[in-house]
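Reading through the structure tokens given below for one structure.
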Amino acid sequence: MAAAASSEEAVKAAKVLMVGAGGIGCELLKTLALSGFSDIHIIDLDTIEVSNLNRQFLFRQSHVGQSKAKVARDAVLKFRPNINITPYHANVKDSKFNVEFFKQFNVVLNGLDNLDARRHVNRLCLAAEVPLVESGTTGFLGQVTVHVKGKTECYECQPKPVPKSYPVCTITSTPSKFVHCIVWAKDLLFAKLFGDKNQDNDLNVRSNDDSSSKTDVFERNVDEDLLQYAQRIYDHVFGYNIETALANEETWKNRKKPYPVYIRDALPEDAVQRNGSSRDHKNEEHEPSAMVSLGLRNPQEIWSLADNSRVFLESLKLFFEKREKEIGNLIFDKDDQLAVEFVTAAANIRASSFGIPPHSLFEAKGIAGNIVHAVATTNAIIAGLIVIEAIKVLKGDYQNYRMTYCLEHPSRKMLLMPVDPFEPNKSCYVCSETPLVLEVNTKTTKLREVIDKVIKSKLGMNLPLVMVGATLVFEDGEGLEPDEAANYALNLEKVLAELPAPVVNDTKLTVEDFQQELKCSINIKHRDEFDEEKEPDGMVLAGWSGPVDKQVTSNGDKRSVPSSSSADDVDSTAEDISVKPGGMKRKLNEILESHENFDALQNWSDVGSSSAQVVEDDDDDVVMLDEDPKQGKKKRLQ
């Protein structure tokens with residue numbers, strides 16, 4: 001009874017911050033309200049989309065386009081009108097959500113869907129000394145972890161999974177999987193036709209027409225008929241470019257040769273001329289759709305080569321007819337029906353050339369949009385576990401904190417696996433202030449490269465300050481005097497060894513982000529040469545382990561491609577993770593196999609990698625023990 005009373009008192013007195021009002025957030029807010037919490041604050045930047053309605057049950061069709069945080073508040077107040085819910089339709093990284101803001105809360109509950117925001121919240125919680133309960137789900141999988149400064153590891157104590165990357169040479173020349181065709185259609189062809197014309201693109205743009213003065217075949221002539229232009233693009237990318245690739249016989253010695261596809265091979269001339277002529281004019285006022293124009297109704301049907309060719313021509317025409325003002329600024333969006341139709345058709349035509357089985361629009365959309373369909377029940381389970389851990393935190397019952405994993409298949413009749421939290425990682429640069437080591441050529445590398453590639457990209461600092469000894473060489477943020485800003489701008493373009501305080505071998509950099517109240521040291525080690533293929537940044541950061549940006553590799557160089565960066569329909573993604581440095585954590589199925597009383601967990605490693613879905617996101621991961629939970633190498637809380 002005393003314990004129950006203690007819990008009730010702790011809940012009533014608590015001031016809670018929720019970050020995220022999506023799949024987990026909706027369930028969490030409802031559960032908090034029904035559990036007796038009376039002072040809840042919610043931060044969420046997003047607005048409600050139609051695709052949210054199948055699992056975010058506080059929202060309705062009439063709410064589409066409105067703030068998630070505000071609508072969630074209004075929905076819960078209808079059945080708990082006497083509690084206080086404060087919504088913020090804003091980015092948690094906004095300067096107003098600083099350390100002082102976080103200090104007012106007793107606990108922070110995360111329901112985020114991206115790594116960058118998670119790291120930011122983790123650092124603010126550490127600085128404010130406020131406990132953080134982290135969570136994530138992917139399909140039937142999920143986890144809840146507790147992070148308390150000085151008692152448990154922080155969110156960044158362990159590395160996160162590395163997103164899948166594909167070499168450009170595979171994408172452009174030798175695809176072997178349907179996902180390669182999707183990446184080609186989405187990140188190369190769609191971007192070339194409808195996106196930023198100035199951005200780098202690995203598509204062959206030269207025509208086989210020697211009489212043409214054009215340097216880029218994708219440019220449309222002023223007086224060129226739209227159908228002729230669409231056919232020309234079709235023949236170039238699916239016909240001429242394949243023939244060009246076949247000319248390199250060395251490539252195909254041990255590979256099956258593709259065959260070029262020209263529009264005349266896929267569609268008779270009269271069919272090309274009639275394409276889209278039966279379009280439903282009643283649809284004119286709605287979003288343009290090649291499927292509607294062509295009378296194709298079933299998104300789960302696998303189209304023939306002829307149908308894919310018709311959809312390709314029609315969708316390209318509709319972009320120029322109905323959305324011409326957007327061309328040049330478009331980025332693929334899985335919620336853009338016409339874009340999905342174009343990418344599906346293009347990927348299927350390319351797949352047919354390389355002997356790869358075609359996919360339906362439904363399947364292709366899942367791959368192109370990095371979709372792992374969320375399960376509302378998993379979100380509800382995880383939300384309940386978050387509240388359980390939050391109550392333990394509020395009571396100060398740290399001996400009973402648990403990291404809990406939700407499994408897809410029962411093991412020993414259990415779907416939930418609780419594990420004691422780990423102590424802080426002494427080598428974590430975030431919570432233990434362990435110095436990092438940066439190998440870099442101090443004579444050729446500019447300060448800008450170090451800030452962009454290391455301090456901002458890898459260390460996740462938003463507004464960094466860089467000091468060499470007692471000399472301030474760079475500062476970012478508002479409030480700088482014009483002469484200071486100009487001076488720092490000049491320093492950015494200087495090589496390290498030529499800065500006002502030269503950075504050479506054994507120099508120590510102090511890097512700080514006042515917004516996150518994060519400070520770390522970087523010891524510089526001069527190195528003359530780097531392997532361009534293995535070390536494309538021209539520098540190596542040691543003592544840091546984190547995710548890499550989603551990239552496509554081109555001739556040894558890695559570059560970002562314009563695509564969605566995180567899995568959709570995934571609520572704060574949970575993913576499997578392989579053995580990491582030190583062997584401290586590993587896959588759950590390996591843990592279970594090591595217990596004689598546990599059944600091996602099946603299909604865990606298949607998460608996000610089925611033929612109909614590809615997860616390439618840098619969100620949260622499910623991290624697992626290295627040994628028996630009672631005898632693991634890492635120390636648990638006592």
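The values are calculated or read from the model by the stated rules, or taken from the named source; none is laboratory data. Given the structure is predicted, the values throughout are model-derived calculations rather than measurements. Note that we place each Cβ from the backbone using ideal geometry, even for glycine, and neighbour counts take in every protein chain shown. Each accessible area value is taken on the protein alone, full model and side chains, heavy atoms only, with ligands, DNA and RNA left out. Shrake-Rupley method; radii C 1.70, N 1.55, O 1.52, S 1.80 Å.
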- Message: Checking the structure you have, find out if any residue of segment 415-435 is without any contact (Cβ under 8 Å) to a residue 60 or more places away in the chain, part of a helix (DSSP H, G or I) and in the same structural domain as Leu126 (by the TED database).
- Response: no
- Flagged in segment 164-204 as open to solvent by less than 20 Å² (accessible area, probe 1.4 Å), outside any helix (DSSP H, G or I) and farther than 14 Å from Ile242 by Cα, in numbering order, are Gly195
- Query: Does segment 106-116 include one or more residues that are assigned to a helix (DSSP H, G or I), under 19 Å from the mean Cα position of the chain (by Cα) and within 23 Å of Ile455 (Cβ to Cβ)?
  - Reply: yes
- Item | Segments classed as helices (runs of 4 or more DSSP H), wholly inside segment 1-77, with at least 2 members that are of a type in the set (Ser, Thr, Tyr) | 2-13
- Hits in segment 74-95 - residues which are open to solvent by 60 Å² or more (accessible area, probe 1.4 Å) and either touching a helix residue (DSSP H, G or I) at 6+ places or on another chain (Cβ under 6 Å) or in contact (Cβ under 8 Å) with a residue 40 or more places away in the chain (or both): Phe79, Arg80, Asn82, Asn84, His89, Ser95
- Query: So which residues in segment 226-257 are in a helix (DSSP H, G or I) and farther than 23 Å from Ala306 by Cβ, if there are any at all?
  - Reply: Thr244, Ala245, Leu246, Glu249, Glu250, Thr251, Trp252
- When the residues of segment 247-263 are filtered to those that are at pLDDT 90 or above and more than 17 Å from Ile356 (Cα to Cα), which remaining residue is surrounded by the most Cβ atoms within 10 Å (Cβ to Cβ)? Ile263
